[in-house]
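In what follows, a structure is listed as structure tokens, so that the remarks can point back to it.
Throughout, read-outs are computed from the coordinates displayed, never taken from laboratory work. In this text, all values refer to a predicted model and were calculated from it rather than measured experimentally. Positions of Cβ are backbone-derived with ideal geometry, glycine not excepted, and every protein chain shown enters the neighbour counts.
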Amino acid sequence: MAPTRTRRPLQRLLALPATRKLAVACAVLGVLGWVLILAQWTLVAAFVAAVFLRSAAPGDVVLLLGGALLAWLARSGLLALRDLLAARTSSRVRRDARSDLARKLLRLGPDLMTGERAGELVTTATGGVAKLDGVVARLVPGTVTAAVLTPLLAVTVFVLDPPSGALLLLGGMLIMLFLWLVGTLAGASSRAQWETLGQLGALLVDILRVLPTLVAYNRAKGAVAWVAQVSEAYRAATMKVLRTAFLSGFVLEFGATLCTALVAVTVGIRLFQGQLEFELALLVLLLTPEFFAPLRALGADHHAALEGRPAAERLFALLDLPEPARGTTAVPSGVPHVRLIGVTLRREGRTVLDGIDLDLPPLSRTALVGPSGAGKSSTARLLLGFTPPDEGEVVVDGLPLPLLDPDAWRARIAYVPERPFLLAGTVLENVRLGRPDATPAEVERALDRAHALEFVRRLPQGLDTSLGEDGARLSGGERLRIALARAFVKDAPVVVLDEPTSQLDPGGEAQVLAALRELADGRTILTITHRSAPLALHDRIVEIDEGAFREREAIR
Amino acid sequence: MRSVLALLRPGQAALAIALGTLTVLSGAALLAASGALISGAALQPESLLVLMPLITSVRLFGVSRATLRYAERVVSHDLTLRLVTRLRAELLARLVPLAPAALIGARGGDLLARIRADVDELQGLFVRLVAPAAVAVLASAAAVGLTAFVSPTLALVLAALLLVLGVAVPLWARSAGRRPARDVALADAAFGTDTLDLVRGLADHASGDGGATALRTLDAHLDRLDRAERAEARLVGATTFLREGVPALGVVAALWLVGWDVAFGATNPVLLAATALGVLGSFEAVGGLGAAWAASERIRDAADRVQALSAEKPAVTEPAEAAPLPAGTALRFEDVTLTYPDAMQPALTDFDLSLGEGEKVALAGPSGAGKSSVLALALRSRDPDAGHVTLDGTDLRALTLADVRGRFAWAPQTPQILGGTLAGNLRLARDDASVDELEAVLREVGLQELPVGLDGWIGEAGERLSAGERARVGVARALLSPAPVLLLDEPTAHLDAPMAIRLLDLLARQPRTVLLVTHTPDVLDERWRVVRLDAPVPSVVGR
């Protein structure tokens, strides 16, 4: 992987096997196209010359016309094939990019993802990847066709009529030069535009999310005006990019039409002076637009791909983010003995945990208490391997955590976060997050043990009721019990509970505590809490303060 | 789509269309004049002067085309971006009345996909749909008219071929493209929503099953997307073939028909090459339509979805004639019943509560007893199905929404923090609050020592703050607001006991009316009146 790291994003996109195959196919189709173009226009020129100069009846030279038509239609078929191949390749490349991005996200884990803006990441996975289409489906076939067809046609015209050939070569080279100059300028402003777009996207997401609060404080009108203002700034910025981007189109168009005009005028004058055959002159005139056609298409293709380069940069920047090392050692079976040894954790210059030791022997039940912000939740993330400690280590049955296969280790821990995230899917799917192959009967049993079956059965479609976005209509206690059912179905030997009762009323708390008591049976439990209610479950309480741990009391 | 079209500026649109038409005609004229020029030159007239008008035309058309094209592009893209700006603002303005209530069921990710993808799709309305269609009609008419001077039969053939390429092919492509376009949009939106879900619930997914379920779902969306795009690719291939092949028929017809005219001496021979080349150039008028119509379905779907959003009925509306805002702040709930649209049982039944000015009331009771619904009624996020909510004797429904919301400061159970700074979030409640006032209110809720400070970046959605800190920012915001009634939904849920007691004491000392929802009424002292909502109505999930 090392050599590809240093390559530029667009080149990496072009170096993908699918893209390369497309380029080769386009080159072959380009050569075939050249043969057909020559056949088509030679026959047309011969037909015109016969009728115009030699006064032949069209019926006498119908074969010339029929041949021209056949060649023309065959060439259309080649172009259709090229476009089809390009579209398929683009689908494949974008699909792979999205799939890679989703997998990368999981390997990075929640600790590394908090810094990234969620809106920006989703933008890259959806809109950003979609912009690669311009590169793969347009720029690649367009460039290859131009690279193959243009020189072939220039040489052809040069052989037929050297002065016109020279004119085309000169015009073509000047156009390429200007295109390169303008393209460099447009590239820089296009990057700026992408950033504005990203900010605009994040702004819209943010505003939509807090809209209820904005409305409650009578601030929604201001937000609408704000979005209008930012959109207006976006328009001004984009127009600046486009004025430059369109310049490349202008140069192409101008060069192509001017060269066509010059060829027509010079050929016409030489015809007038009797230095040239009409049939040859007509063929040269007909081939001139064909010489510029791929170059002109290239201008449009280049424009369509403008946004692809920054999109590719963002994509590869995300895919290249360094991943935490993944251990490969199998996780020891049985209830593991977990220890935190001399663990220090710093966040943004602040020491969250300061050289703490925490011993969690098999089947121990530990409560971790302390004020808000004392690093309780960080301890849970350390145990799950989401966060590597700055100093010290987490040890499982004598093995350092980084050596273990993280997925296998997380399969042995049931983690119930402070605010469990519920999928938009059904109750069944939500519980199965703990163990995807659990049968509906096992899910029901888990819900029952989590004291959730009763309310789930009252839902319109029971287990198959869709919970809506992030379980929007469930109460805090109901959410928690669904999350506990996840832990039950997972049947992991270690359970980490983060503030399991903070969102509950006393009635709900009693039910959750009953569920917790059952869950604790035969497992190691670590509960993070600031409330006294769940403490009775535990056999020891560890207090955390100012980043240090201290054993407070043993209950039993 | 019509309502979106109405957002276009007509003058600018007409200019862009005129420029586009002239661009196409310039191209055809350049080819025709070139053909005439070399034909004329081949006949070797006595003087070059005879050819001068043709030489001048060739040079003129050689220059004008590129200039016209550039102007057309600048005008039409500026038009498009103005359209997008107005669309975004309009869409958000439509969402505002829906925001407090009706949007709770709609998936936020879906909304996100709508606003961003649909607005992006609608960007193409003019450049990809309206302009190509108008230019096609105008330029085709001009080309057919000019051809008729040379050969009326050829003009008919040209008109027929332009119709095939401009109408028949697009109509076919449109009907064939309808399904794949819809499938692509659906799969795309679903992928976006579920990616957002994965990002948000990353810890749950990673610790749950290592993300296997999420990846399976995402891969299924990608498979669907792939299938739909395969159908679209075939359509692209077919339209390319027709776009390139139909002009061949036109040129061959021109050579054949004008060739016979020339053979019979009915037409000037110089026109043979000129007409054939002119016909070739005129197909540019409709060449882009195939792609335009393929995109039209997506554009229309996007317009429909945007339209559907504005058709949704807000849960609360402004009164026809607003009553004056009463001076007092006594709040009364009289026999109030509230049922959520897709719920099976009412959230509140015959609920009565009276809050005197400055009174401190705590609502307690089990989850789902309707505590948060009481706050929603006061804020007019929803209206009761039966009974009245009155402010100093005036029914809330008789007051303007702005007046009602100006009377209450609300801190929801999960405070909604705007990405940015603490100061920005606090000033949401009061624009003109000074730095001293902001610092004072932060001190009151115990947030004076936050490392980020007032103007530091608190992260997207305030993610750099802990849940307890976010809750206190919500309370601070309510305290800062000048509103005389505070509505607080479980402000102490994420706090440890000393901090919770301190915050409750702070609220009790307020001169304002306070309505509090809490799970832990036992820590409240005698300054509070505790109201129990004991009707244990099970909460119900809709959809």
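Which shape class, rounded, prolate or oblate, goes with the range A:350-423 when its Cα gyration tensor gives a ≥ b ≥ c as root eigenvalues, a/c under 1.5 marks rounded, and past that a/b bigger than b/c marks prolate? Rounded, because the longest to shortest axis ratio a/c is under 1.5.
Students often forget the sequence filter, so: which lysines lie under 26 Å Cα-Cα from residue A:490 once same-chain residues fewer than 8 apart are removed? Cross-link targets: A:104, A:376. Shielding value for B:62-73 is 5, the average number of Cβ atoms from other chains within 10 Å of each residue's Cβ.
Projecting the Cα atoms of B:516, B:429, B:440 onto the charge dipole of the protein assembly as shown, computed from C-beta unit charges around the Cα centre, puts B:429 farthest toward the positive end.
Once C-alpha pairs closer than 8 Å and six or more residues apart are averaged by separation and normalised to the residue number of the range A:2-319, the relative contact order reads 31 percent. Rounded to the nearest 20, the Cβ-based charge dipole of chain B about its Cα centre (Lys and Arg +1, Asp and Glu -1) stands at 1760 debye.
Have a look at A:90, A:45, A:57 and report the one farthest towards the positive end of the charge dipole of the range A:1-108, computed about the Cα centre with Cβ charges (Lys/Arg +1, Asp/Glu -1). It is A:90, whose Cα lies furthest towards the positive end.
Between the helical axis of A:220-272 and the longest alpha-carbon principal axis of chain A there is an angle of about 20 degrees.
Here residue B:371 is the anchor, and the lysines within straight C-alpha reach of less than 23 Å, apart from those fewer than 8 places off in the same chain, are B:360.
Does the range B:2-311 classify as rounded, prolate or oblate by the C-alpha gyration tensor (a ≥ b ≥ c root eigenvalues; a/c under 1.5 gives rounded; else a/b over b/c gives prolate, otherwise oblate)? In terms of gyration-tensor shape, prolate.
Just flag the GluC sites (Glu not before Pro) in the range B:431-532 sitting in loop per DSSP whose Cβ has no more than 14 other Cβ atoms within 10 Å.
Qualifying residues, ordered by number: B:449, B:526.
With R₀ fixed at 22 Å, the C-beta to C-beta distance from residue A:277 to residue B:50 puts the FRET efficiency at about 0.60. Annotation for the range A:281-342: trypsin sites (Lys or Arg not before Pro) lying in DSSP loop with at most 16 further Cβ atoms inside 10 Å of their Cβ are A:326.
Simple spin-label estimate for residue A:445 and residue B:268 gives 9.6 nm between the two label positions (7 Å along the Cα-to-Cβ direction from each Cα). Summed over qualifying helices (DSSP H, 4 residues or more, each -39500 (n - 2.57)) and divided by its residue number, chain A shows a 222 nm mean residue ellipticity of -20500 deg cm²/dmol. Dipole of the protein assembly as shown computed with +1 at Lys/Arg Cβ and -1 at Asp/Glu Cβ about the Cα centre; of A:9, A:400, A:287, farthest Cα towards the positive end is A:287. Take each residue in B:188-198, count the other chain C-beta atoms within 10 Å of its C-beta, and the mean is 6.
May I ask you to derive the relative contact order of chain B, considering only C-alpha pairs under 8 Å and at least 6 residues apart, and to give it as an integer percent?
About 16 percent, as a whole number.
Ignore the peptide's own chain and count Cβ atoms of other chains within 10 Å of each Cβ in A:91-103; give me the average, rounded. Kindly include the intermediate steps, with their values, before the conclusion.
On the way: counts 9, 2, 0, 4, 6, 1, 0, 7, 4, 0, 2, 12, 3.
That average works out to 4.
In a reduced charge model with +1 at each Lys and Arg Cβ and -1 at each Asp and Glu Cβ, the protein assembly as shown shows a dipole moment near 2560 debye about its Cα centre.
Between residue A:539 and residue B:440, the modelled label-to-label distance comes to 5.5 nm, taking each label 7 Å out from Cα in the direction of the beta carbon. Label reach from residue A:397 (point 7 Å along Cα→C-beta): in the range A:311-351, amide nitrogens under 18 Å belong to A:327-340. Label zone of residue B:455 (point 7 Å out along Cα→Cβ, amide N under 16 Å): in the range B:411-443 this covers B:420-427, B:433-439.
Among residues other than residue B:430 whose Cβ falls under 10 Å from its Cβ, what is the net charge (Lys/Arg +1, Asp/Glu -1)? After counting each charged neighbour, the total is -1.
For the range A:338-554, a crude dipole built from +1 on the beta carbon of Lys and Arg and -1 on the beta carbon of Asp and Glu, taken about the Cα centre, is about 360 debye to the nearest 20.
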